[in-house]
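The values are calculated or read from the model by the stated rules, or taken from the named source; none is laboratory data. In this text, all values refer to a predicted model and were calculated from it rather than measured experimentally. Neighbour counts are summed over all protein chains in view; Cβ atoms, including those assigned to glycine, are modelled from backbone coordinates with ideal geometry. Protein only, heavy atoms only, side chains kept; ligands, DNA and RNA dropped before computing areas. Shrake-Rupley method; radii C 1.70, N 1.55, O 1.52, S 1.80 Å.
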Protein chains: 4
Amino acid sequence: MDDRAWLQAMLDVEAALARACASEGLVPREAADAIAAACDAARFDAAALGQAAAAFALPVIPLVRALREVVGEQAAPYVHHGATSQDVLDTAAMLVARRALVPLVEDAAAAAGAAARLADAHRATVVVGRTLLQRALPTSFGLKAAGWLIGIEETLAALVAARDTALAVQMGGPVGHRDPSVGERVAAELGLVEPVLAWHANRVRPVALAAALGALAGALAKVARDVALFAQGEVGEAREGGGGERGGSSAMAHKRNPVASVSVIACATRVPGLVATMLAAMAQEHERAAGGWQAEWGTQVELLRLTGSATAWARELLEQLEVDPERMRAHVAQLAEEGVEGGLGASDELIDRALLAHRAAPR
Amino acid sequence: MDDRAWLQAMLDVEAALARACASEGLVPREAADAIAAACDAARFDAAALGQAAAAFALPVIPLVRALREVVGEQAAPYVHHGATSQDVLDTAAMLVARRALVPLVEDAAAAAGAAARLADAHRATVVVGRTLLQRALPTSFGLKAAGWLIGIEETLAALVAARDTALAVQMGGPVGHRDPSVGERVAAELGLVEPVLAWHANRVRPVALAAALGALAGALAKVARDVALFAQGEVGEAREGGGGERGGSSAMAHKRNPVASVSVIACATRVPGLVATMLAAMAQEHERAAGGWQAEWGTQVELLRLTGSATAWARELLEQLEVDPERMRAHVAQLAEEGVEGGLGASDELIDRALLAHRAAPR
Amino acid sequence: MDDRAWLQAMLDVEAALARACASEGLVPREAADAIAAACDAARFDAAALGQAAAAFALPVIPLVRALREVVGEQAAPYVHHGATSQDVLDTAAMLVARRALVPLVEDAAAAAGAAARLADAHRATVVVGRTLLQRALPTSFGLKAAGWLIGIEETLAALVAARDTALAVQMGGPVGHRDPSVGERVAAELGLVEPVLAWHANRVRPVALAAALGALAGALAKVARDVALFAQGEVGEAREGGGGERGGSSAMAHKRNPVASVSVIACATRVPGLVATMLAAMAQEHERAAGGWQAEWGTQVELLRLTGSATAWARELLEQLEVDPERMRAHVAQLAEEGVEGGLGASDELIDRALLAHRAAPR
Amino acid sequence: MDDRAWLQAMLDVEAALARACASEGLVPREAADAIAAACDAARFDAAALGQAAAAFALPVIPLVRALREVVGEQAAPYVHHGATSQDVLDTAAMLVARRALVPLVEDAAAAAGAAARLADAHRATVVVGRTLLQRALPTSFGLKAAGWLIGIEETLAALVAARDTALAVQMGGPVGHRDPSVGERVAAELGLVEPVLAWHANRVRPVALAAALGALAGALAKVARDVALFAQGEVGEAREGGGGERGGSSAMAHKRNPVASVSVIACATRVPGLVATMLAAMAQEHERAAGGWQAEWGTQVELLRLTGSATAWARELLEQLEVDPERMRAHVAQLAEEGVEGGLGASDELIDRALLAHRAAPR
C-alpha cells in the first residue's frame, strides 16, 4: 500500500480504460495498446508525481500529464478518455484494497484454522469461565477457542462479502452520466464489481469495506485481550509462543511480554476512530465532494494496514499459543474447593457446531 | 425505546424462556403459564427497577426478583431458569432493535420511493452538476435524485440484511455452554436468529447493526447536504416544502430555514462516534465483559433513535421537496453563456437502472 | 440535565437579557421585571414546547412565543429583545453545563481525596508492579494510588479551567454584530465569561469543555481498570467495598462483581466517540451552522451525564476500596522466590510530590 | 516526523540520559561523553532497527543494543542506565511533537495574521450574513474574518499552552519509582517539562496535545468551509488565490477548484477520530499498558501531520484570499430589494476587540 502500489493501480486503471475505449470504438486500437504498454510504474517518478499532486489536491492530473508524455504525441489525446480524476482514483483505491485483502484474508483464515484446532484439541480441557473479570463457573478451553473462532469467522465472512460486492469500478465521467458500457468493460478486466450508478458522492462502498475491517479488528482484539489476561503471572493458563528473544524487556530480563497480543490490541484500538472518519465523510456535496472524499484515501490505507497487521499478529498468536491444561485444571479445582462446581454443559456439541460453521465458511 | 419498552422486552424474553423450558420439560407447564402471564410491564414499577439496577450495574437482577414476587411462591423457582442476566438483556436489546427498525425501514423505503419519483419525473430537467462546490457540467436533476435513491437503497439493503441475520437470541447461560435447545425455542418464539454459539463476548451482531445504521445515516446526510446547498438564496434550485410556520426564525421574519435538512445532518453528525464506540467495545474479556458490554446499551439506543429520526426527516424532506426546474435551466444557460456546454449523457439509461434496482430492493 | 433544567436555563437567559436591556435603556424597567418574574419553568409546559420545537429544529421559538403570552401584551414586545435563538440556546447550554459541573467537580475532588488517603496510608505497602500485564518489579501500593491521584488532579484542573474560562455568554444577535454591552451585563448576572466575539460558528468553547470531560473520564477509566484487574480471583489484592447485595449475580451466588469499576469503564468507553462528534461538528457554515451546531446539544448532555456518572462511581470506588496488603506482600514474596527482587525506589518522595500537588490543586 | 526523526529523537534522549547520569555520579563522565557522541542517527540503520522492533512490539530494545555496539565495550554497560523502554519512547515522542509544533505554530500564527489583516481591511465591506445556509442580514466581511481570527487564536493559545505545559520528560524507570533527580536533568537539557510523577500509564499529556490539535484543526475547517461556500459560482464573493495551474481539473478546463479549502477540510475530517483514539487508549493497565500505549504512537504522528498540513494550507488560503467586495455589495443590495435591510451593528468595535486579542496572543 505504498506510493508505488498506488501509482501502479492508477496506471492499471488507465490501461484498462484505454482498452475498454478501444473495444467500444472510442479510441484507436494502436493508441490503446501504446497506452497500456506505457502503464508501468517503473517508468514514472512516484516522488515527483506526489509533489505535483499538491497543486490539484489529488495525484491524477500530473499522472495523466506524465502518461501523455510517455505515450507520445499520437496516443496522447486518447489517454484518460472521457474519465475524470475521481474515476481513476476511486477505481485504483479499490484495486489497492483488493490486493491488500489477499494476505489479510489468508491470515484471517489461518487464524480461524488455528482457533479451530485449539477448539477441537481442548474439548476436555476444563478452565475457569470468567465474567466481569471474576471467576464464574467451569467451562472448556475448547469452547473458549470456539468462541474466538466464531468471532473471526463471522467478521471474515462479512469482509469476504464486502470484497466480492463492494469493491466496484468507478467510471462515471465528470458529472457521473457517462454511458456505463466502458465501465462494464473496465470492471470485467480489473475484476471489480460494476455499480448501478457512479458512486462519486455515494460512499456506501468504501464505508462497507471500512466497517468490515473494523469488525474483524474488534473480533481479533477480543482474542488478544483474553490471551493477555491468561498470560498474567497469577493466572498463567496460556501464553504466547514464539521462540528466541521475542517479548524481551529492555530493563527486566525475567519478563516475557505478550508481544503479539499487545500488537493486536494496539492496532485494533486505532481502528474504530478510522471507521468513524469514513462514516463522517459520507455527507459529500453534489456530484463530487469538497473535502469528504479526499479524507478517505489515507484513512482507507490506514484501515487496511492496521487491520492487516492485527490479523497477521493474531494468526501468529493463535498458531503458536501455548496452553497449560494443568494450570487450568488446578484453578478449576481451587474453585471447587471454594464450593463452586460445574460441568462442561453442552460444550462438546457447541464446539461441533462451531467447527461445522468453520468448514462451511466462505474465503 | 424508552424504559417501558425495554422493560417489556425483558419480560417478553422471560416469558419465552419459561415457555421454552416447559416445552423442554425443564419447567412445569403451569409455572411457565404463570410466568408468561405475569410478564406484563404494566405490573412492574419501571422507575423503582431502574434505581435498583445500579447496585448490580444492570437491570435484570431486580427484575427477576420482582417477577418472582409477582408469580408467587410456586412458580418463583422456575423464573429465569438456567439463564444469566446477559441472556435476558442481550435478547431484549435485539427485540428493542427489531421493533425500532419497523418504522425506520418503512420511513427509509418511503424516502427511497420519493427519490425514485423525483428521478423519474425529472429525467429531462437539466441542472448544473457541481464538483468540489464548483459548477462543472450539465446533468439531469433526475440523475441526481437517482443517486440519492441508490445511496438509500444500498444502505437500506444492508440494514435489512442486518435485521434478518444479526438480530439473534442470546441464551447461553452463565458461561455460555448451555444446551442450545432452549435457545432455539426462544429464538423461534421471538422471531430472532439462532446463533451458532452464545455471543456474550463476541459482539459481531450489535456491531453489524450499528454499522448498517451508520451507513444509512451517512447516505441520508448526503441528500440533506445537497438540499441545503440547493436551498441557498443564491442557488435556489430546490427547497424544502412543508407548510405553515415551519422553518421560521425567531429574529428574521423573511427567513425560511431548511429544518428537515438541518435535522438530518445534525442526527447524522452524531452517528459515526457512536459506531466507533460499538467497535471500540468489542475487546470483551473472557466469557463476559467488565465494561465493554455495558457500554453498548445506551449507545445502541442512541444509534436507533438518531438514525430513526434522520430517516423520518429525510422521508419528509424528499416527499415534500419543491424543485424549481426554471431556475435550474437558467443556471445551465448561464454556464453555457460562459462557454461551458454539455448534454445529459446516459442520464436516462442510468435512471432506468436505478429505478430497476429500486423495484427489486428488499424490505 | 433533563428537559425541565434546560427550560429553566433558557428562561434564566431570557430574564437576564430583559434586565440587561433595561439597564441599557433598551427596554422599560417594568417590562423587564414582568419578563423576569415570568421566567419560571413551572409556568410552562415543557412537553408541549418540546413537540413544537421540531418545526423549527430548535426549542427557542415556541418558548419565546409562550413567554410573550405569559407576560401579557405590554411586556410581550420586549421579550427576547435583539436576540437570536442561538443566543439563548448557547447561553442556556453553558448554564446547564456549569450546574452539572458542581456535583461532578465535587465528586472528582472527593475521588482525588480518597486516592490521596490511599497514597499516604500505603507508603510501605509493597505490591508487584505490572507492565504489559506481566509481573515486573516491586513498587508501593501508595505510589500506585498516587498515580491515580495525579491522573485525576491533572484532568480535574483542566476541567476547572474550562469551567472558569470556556463557559461564556452568547449574545451576538442574528448575525453576531450586536453591541457587546448587553452581553457583558448578561454574563455578569449569570456568572459566565464574556467572549471577545459571538461564537455562534466558532465552537472552541463547547469543544474545550468536551475535551476536558473526555480526559477526566479517561483518567477515571485507568483507575477502574486497575481495580478490576486487582479484583480478579487469582490476584485478589484489592476489591470494591460497598456492603449489602451490591455486585451480586443473577446466576452465581458466590460471585461479587466489581460493579463500580465496570460502571466507570462502561461510561468512559462511550465518551471518546462523543468528543469526536463535538470536534467533527466544528466546521460550521458562515454566521450560524446548518447541522453542526444542532448536533452539539444532545452530545454535550451525554458527555456531562456519562462523565458525571463515571465520576460518582469512581468516587465511591476509591472511598470504599478494600486493600489486601497481606496478599500484595505474598505476591511480592513469590516474585522474589522466582529471583526477582527490588525495593521501593523513590516511592516515598514521589508520594510526597503527589500529595503536595493535590493540596495545591484548584477546585 | 519520519523514521529518521524518531530515531534521532530517541538517540537525543539516550544522550541526555547519559549526561544526566554522569552529573548525578551514576555513570562515568567519559562513558557519558562516548554515548552522547554516538547518538547520531546517521550512524544507525533505521530500516533494520524498524524490522527488529517487531519482536519486542517497540523499537527501543534493538536501538539500545545497537547503541551499545557503537559505543564499545567500556561505555556499553552505561547505555540506557536505569531507564525502561517507555521512558525513551515517551520522551522521544514529546521531542518529535515539540519539533513538529515549530512550523505548525508559525503557520497558525501567520494564518491568524492574515485573518487579522482581512478583518482590518474589510471593516466597511458589507456582506450578506448567512445562517443555516440562508441569507439572513448584512454584516461586514471584516467581522467575518475577525471570527476566523478568533477561532484560530483561541485554539492556537490552547496549543501553545499544551506545548509549554504538557510536553514532559518521562524517566520513571521500569515501574515508575525512579528517583526524579535524573529526570529533572534530562528535562532541563531537552527543554521539556518535569512531571510530578512518571506518566507511563497516566496519559493526560498526550491527550492534552491531541485535543489541542483537534480544536485547531476544527477552527481551520470552519474557515475553509466558509471559503468553499464563498467560492461557489452562484455566490462568488471570495475565491482562493494562488497562480498558475493550481486548482485545475483533469476533465474540465474552465473549472478552478478550491484546492486549499478542500485540503484543509480533508485533513480536518480525519482528526476527530484520531483524538477519540487517544482518549479511548487512556484506560492503561497498572504500571504500563498492554496495547493502549502502543496505539498512541502512530496516532500522534498522524495528528501532528494532518493538523500541520491543514495549518499550512489554511495559511496559504488566508494569505492569498481574493475578496470581491463588489459582488458582496451587490448581494446585499439584492437582499435589500427583497425588503431585508440592516447596518453593520457594532462590527467595527468588535473587530477592534478581535485585533486587540490578536496582538496580545501567546506564540
For this session: Could you bin all the Cα-Cα distances of the stretch D:128-222 into 5 Å bins starting at 0 and give me the percent of pairs in each, rounded to whole numbers?
Result: 3, 12, 15, 14, 12, 10, 8, 7, 5, 5, 4, 3, 1
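Using the Kirkwood radius over Cα pairs, work out the Stokes-Einstein diffusion coefficient for the protein assembly as shown at 37 °C and 0.692 mPa s, in µm²/s as a whole number. It would help to have the intermediate numbers written out before the result.
Working: Rh = 33.0 Å.
Here the translational diffusion coefficient equals 100 µm²/s.
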Exercise. Spin-label point model (7 Å from Cα, Cβ direction): what's the D:R4 to D:R117 distance in nm?
Worked result: 3.3
Exercise. Residue-wise, which Karplus ³J(HN,Hα) couplings in Hz belong to the stretch D:79-92, taking 6.51 cos²θ - 1.76 cosθ + 1.60, θ = phi - 60°, and x for glycine or proline?
Worked result: 5, 6, 4, x, 9, 10, 3, 5, 3, 6, 5, 5, 5, 5
Exercise. What does the charge count near B:R315 come to, summing +1 for each Lys or Arg and -1 for each Asp or Glu among other residues with Cβ under 13 Å from its Cβ?
Worked result: -4
Problem set entry | Label point at D:D348 placed 7 Å out along Cα→Cβ; residues across the stretch D:105-121 whose backbone nitrogen lies under 17 Å | D:119-121
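Suppose the chain between B:R359 and B:E30 were pulled fully straight at 0.36 nm per residue; how much longer would it get relative to their current alpha carbon spacing? Present the calculation step by step, with values, prior to reporting the outcome.
On the way: separation 329, 0.36 × 329 = 118.44 nm, distance 4.91 nm.
Result for the pair: 113.5 nm of gain on full extension.
Within the stretch C:107-191, what whole-number % of the accessible surface is contributed by carbon and sulfur, with the 1.4 Å probe and all protein chains included in the calculation? Please list the in-between numbers first.
Working: 1100 of 2000 Å².
Within the stretch C:107-191, the accessible surface is 55 percent carbon and sulfur.
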For this session: Report the charge-dipole magnitude of chain B in Debye, nearest 20, computed about the Cα centre from +1 at each Lys and Arg Cβ and -1 at each Asp and Glu Cβ.
Result: 440
Exercise. When the helices in chain A are scored as -39500 (n - 2.57) per DSSP H run of 4 or longer and the sum is shared across all residues, what 222 nm value do you end up with, to the nearest 500 deg cm²/dmol?
Worked result: -21000 deg cm²/dmol
Exercise. For A:G191, which inter-copy label distances result when the label point lies 7 Å beyond Cα on the Cα-to-Cβ vector, reported in nm to one decimal and in ascending order?
Worked result: 4.3, 5.2, 6.7
Exercise. What residues does the stretch D:184-205 have that are buried by at least 50 Å² of accessible area in the full protein assembly compared to the chain on its own, 1.4 angstrom probe?
Worked result: D:V196, D:L197, D:N202, D:V204
For this session: Could you go through the stretch A:45-53 in sequence order and give the Karplus-derived ³J(HN,Hα) for each residue, using 6.51 cos²θ - 1.76 cosθ + 1.60 with θ = phi - 60°, rounded to whole Hz, and x for Gly and Pro?
Result: 9, 4, 5, 5, 4, x, 5, 5, 4
For this session: With label points built 7 Å along Cα→Cβ from the Cα atoms of A:S23 and B:E341, find their separation and express it in nm.
Result: 3.3
Problem set entry | Sparse-neighbourhood loop sites, GluC sites (Glu not before Pro) in the stretch A:5-110 - DSSP loop, at most 15 other Cβ within 10 angstrom | A:E24, A:E73
For this session: First check a/c for the stretch C:72-168, with a ≥ b ≥ c the square roots of the eigenvalues of its C-alpha gyration tensor; if it is under 1.5, answer rounded, and if not, answer prolate when a/b is larger than b/c or oblate otherwise.
Result: prolate
Exercise. Distances from B:D3 to the same residue in each other copy, label points 7 Å out along Cα→Cβ, in nm, shortest first?
Worked result: 1.5, 5.8, 6.0
Exercise. Between D and B, which D residue has the Cβ nearest their rotation axis, distance in Å?
Worked result: D:E234, 2
Seminar exercise, completed: Each residue of B:296-303 has, on average, a number of other protein chain C-beta atoms within 10 Å of its C-beta equal to 3
For this session: Please list, in chain and number order, the residues 5+ apart from D:A136 or on another chain whose amide H is under 5 Å from its amide H, with Hs placed from the backbone.
Result: D:G129, D:R130, D:T131
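Based on the Cα gyration tensor of chain B, what are the three equivalent ellipsoid semi-axes, each the root of five times an eigenvalue, rounded to whole Å and given largest first?
50, 20, 17
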For this session: Work out from phi, with θ = phi - 60° and the Karplus expression 6.51 cos²θ - 1.76 cosθ + 1.60, the ³J(HN,Hα) of each residue of the stretch C:261-277, listed in order in whole Hz, and give x for Gly and Pro.
Result: 4, 4, 5, 4, 5, 4, 4, 5, 5, 8, 6, x, x, 6, 4, 4, 4
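Any idea of the accessible area per residue across the stretch D:9-109, 1.4 Å probe, to the nearest Å²? Mind showing how you got there, number by number?
On the way: 3680 Å² over 101 residues.
Solvent-accessible surface per residue comes out at 36 Å².
Can you give the net charge of the other residues whose Cβ lies under 12 Å from the Cβ of D:L197, counting K and R as +1 and D and E as -1?
Values: positive: C:K144, C:R353, D:R178, D:R205; negative: C:E153, C:E154, C:E349, C:D352, D:E194, D:E287.
Overall, the nearby charge balance is -2.
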Problem set entry | Projected label distance in nm at C:Q334 and B:Q334, using a 7 Å step from Cα toward the beta-carbon | 7.8
For this session: Would you list the P(r) distribution for the stretch C:205-363, with all Cα-Cα distances sorted into 10 Å bins from 0 and each bin expressed as a whole %?
Result: 9, 26, 28, 21, 11, 4, 1
Problem set entry | the stretch A:1-90: relative contact order as a whole-number percent, Cα under 8 Å and 6+ apart | 33
Problem set entry | Chain pair C, D: total accessible area buried, heavy atoms, 1.4 Å probe, Å² | 5600
Exercise. Over the alpha carbons of the stretch D:1-81, what is the largest minus smallest coordinate on each principal axis, giving the biggest first in Å?
Worked result: 34, 23, 19
Seminar exercise, completed: Averaged over residues of C:345-354, the number of beta carbons from other chains lying within 10 Å of each residue's Cβ is 4
For this session: Starting from a label point 7 Å past Cα on the Cβ side, list the distances from D:R99 to the same position in the other copies, nm, shortest first.
Result: 3.2, 5.2, 6.0
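Going highest first, how would you order D:46-57, A:51-62 by mean Cβ packing within 10 Å? Spell out each step's value before the answer.
Values: D:46-57: 16.0, A:51-62: 19.6.
Result, highest mean first: A:51-62, D:46-57.
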For this session: Please compute the net charge surrounding D:G214, taking Lys and Arg as +1 and Asp and Glu as -1 over other residues with Cβ under 12 Å from its Cβ.
Result: +1
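What percentage of the solvent-accessible surface of the stretch C:292-335, computed with a 1.4 Å probe over protein heavy atoms, is contributed by carbon and sulfur atoms? Working shown, then result.
Numbers: 720 of 1530 Å².
Roughly 47 percent, rounded to a whole number.
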Problem set entry | Relative packing of peptides A:119-132, B:218-231 - highest average C-beta neighbours within 10 Å first | B:218-231, A:119-132
For this session: Count, for each residue of A:253-263, the Cβ atoms from other chains sitting within 10 Å of its Cβ, then give me the mean as a whole number.
Result: 6
For this session: Could you give log10 I(q)/I(0) at q = 0.19 Å⁻¹ for the stretch C:114-170, computed by the Debye formula over C-alpha point scatterers of equal weight, without solvent?
Result: -0.72
